1. Ser65: accessible area at probe 1.4 Å, nearest 10 Å²?
2. Which order do you get for Asp77, Asp166, Asp64 if you rank them by accessible area with a 1.4 Å probe, largest at the top?
3. Suppose the chain between Tyr38 and Phe138 were pulled fully straight at 0.36 nm per residue; how much longer would it get relative to their current alpha carbon spacing?
4. Between Tyr71 and Ala17, how many nm apart are label points set 7 Å from Cα along the C-beta direction?
Amino acid sequence: MVLHVCAVIQPTVEAHAKINWNSLNVDRSLCLNVSYQYRTLMLARALLYSLLAMIGLWYGRHRDSVERAEYRQALLDERATKEELEMDEATLDAELDQTEGSYFPWRTFFYFALPWTLTFVVSGVLNYGRLYFVIQHFCLTYWQTVSLYVNIQMLFLRHMTAALVDACWRQFFGSVDDPSIRTINHITFETHLLATE
């Protein structure tokens with residue numbers, strides 16, 4: 001679920017130019033604030049799709065155990081003589097492992113996990129593409145953009161974890177009004193596009 005939410009958060013870029021005319025040399029700089037857009041609907045969808053994938057996994061495991069039990073019973077029913085029925089469990093299990101394959105219904109699980117997988121992959125690619133099309137104008141390389149995209153997701157994870165810890169802390173120990181606990185919600189870096197020599 002967390003991976004899905006990290007893939008669907010939408011990156012945002014704000015450019016802030018600063019020009020200082022007071023000194024003898026003109027001081028110019030261009031800073032970028034890269035952040036993310038998050039809506040509660042994203043979490044609700046991720047929860048729904050993750051729950052659907054978990055139901056598919058449960059159903060697959062259930063069908064697998066039922067098929068294995070039916071196969072084991074069919075194998076026991078085939079044995080006609082008393083000596084074969086007196087085989088120990090270890091020998092029977094070893095024979096079952098050699099003869100039977102996997103009964104896990106991968107196709108059914110794929111159908112259950114398809115919404116999660118499609119939205120995860122498509123949203124991740126589209127959001128990275130949006131970030132790259134904006135960031136490429138500020139002279140960042142491909143790998144710097146990938147690193148920035150991962151850092152945006154890590155920033156979201158840190159804020160989500162801090163919000164959960166803060167909620168638990170308030171419930172048990174009261175509120176904390178320390179301003180150093182509040183974190184900045186964007187990544188700021190200098191592009192050096194307007195710097196003078």
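The values are calculated or read from the model by the stated rules, or taken from the named source; none is laboratory data. Being a predicted model, the structure only gives us computed values, none of them experimental. Backbone-built Cβ (ideal geometry, glycine too); neighbour counts: all protein chains shown. Just so you know, the surface numbers come from the protein's heavy atoms only, side chains and all, with ligands and any DNA or RNA stripped out. Shrake-Rupley method; radii C 1.70, N 1.55, O 1.52, S 1.80 Å.
1. The value for Ser65 is about 60 Å².
2. These residues rank, largest area first, as Asp77, Asp166, Asp64.
3. Between Tyr38 and Phe138, full extension yields 33.6 nm more.
4. So the two model labels end up 6.9 nm from each other.
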